[in-house]
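Step one of this worksheet: look at the structure below.
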Amino acid sequence: MNHELGLHDFMPGTVGPDGMAQAGAPLDDPKGPADEQAVIEALKTVHDPEIPVNLYDLGLIYDIERFDDGTVKIEMTLTAPACPVAGEMPKMVADAVAKADGVGEVQVILVWDPPWTKDRMSEEARLLLDMF
């Protein structure tokens, strides 16, 4: 199969050519969508090794979809495509969220549009990084 090379082809790590990382497994007895706060708390456990702020407060999480079967789909970005851990971050996010109560399968899709800006950061993150 022949495909055009894209940014994901040059990123080492666990992101597939479609920009997606996966973790978790279907739930045997789903109780409905995973708790939103539990998903957010799991996201807050993931940090870029170069920045002492979690990915959620950095504003790198663009969308969280929770489904009745416990599946969670997340769209995220990075501060820059050349980020040294670009290929690892989506898998780290998927693994962290998959550990949250009520979560089954997790799909994390790395997107670049819209581009990340510091305006997406929480106030707490901007204070910590002195980025006002």
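The values are calculated or read from the model by the stated rules, or taken from the named source; none is laboratory data. Source: prediction; values computed, not measured. We place every Cβ from the backbone using ideal geometry, glycine too, and count neighbours over all the protein chains shown. Keep in mind that these areas ignore ligands, DNA and RNA; they rest on the heavy atoms of the full protein, side chains included. Shrake-Rupley method; radii C 1.70, N 1.55, O 1.52, S 1.80 Å.
What part of the accessible area of the chain, given as a whole %, is carbon or sulfur when the probe is 1.4 angstrom?
Details: 3860 of 7570 Å².
Taking all protein chains in place, the chain shows 51 percent carbon and sulfur surface.
Tell me, in nm to one decimal, what length is gained between ASP119 and ASP101 on full extension, where the rule is 0.36 nm per residue of separation less the Cα-Cα distance? Each step should come with its number before you reach the end.
On the way: separation 18, 0.36 × 18 = 6.48 nm, distance 3.08 nm.
Result for the pair: 3.4 nm of gain on full extension.
Suppose R0 equals 25 Å; then what is the FRET efficiency for VAL85 and LYS31 from their Cβ-Cβ distance, rounded to the nearest 0.05? Please list the in-between numbers first.
Values: r = 34 Å, r/R0 = 1.35.
Computed FRET efficiency for VAL85 and LYS31: 0.15.
Grab the other residues whose beta carbon is less than 13 angstrom from that of ILE64, score K and R as +1, D and E as -1, and report the net.
Values: positive: LYS44, ARG66, LYS73; negative: ASP35, GLU36, GLU41, ASP63, GLU65, GLU75.
That works out to -3.
For the stretch 46-126, what is the accessible area per residue in Å², given a 1.4 Å probe and the full set of protein chains? It would help to have the intermediate numbers written out before the result.
On the way: 3800 Å² over 81 residues.
About 47 Å² of surface per residue is accessible.
Using only helices, what value at 222 nm comes out for the chain when you add -39,500 (n - 2.57) per DSSP H run of length 4 or more and divide by the total residues, to the nearest 500 deg cm²/dmol? Show your work: numbers first, answer last.
On the way: 4 runs with 29 residues, N = 132.
Per the formula, -5500 deg cm²/dmol.
Taking just the alpha carbons, could you work out the radius of gyration and Dmax for the chain, both in angstroms?
Rg, Dmax (Cα atoms, Å): 15.0, 48.
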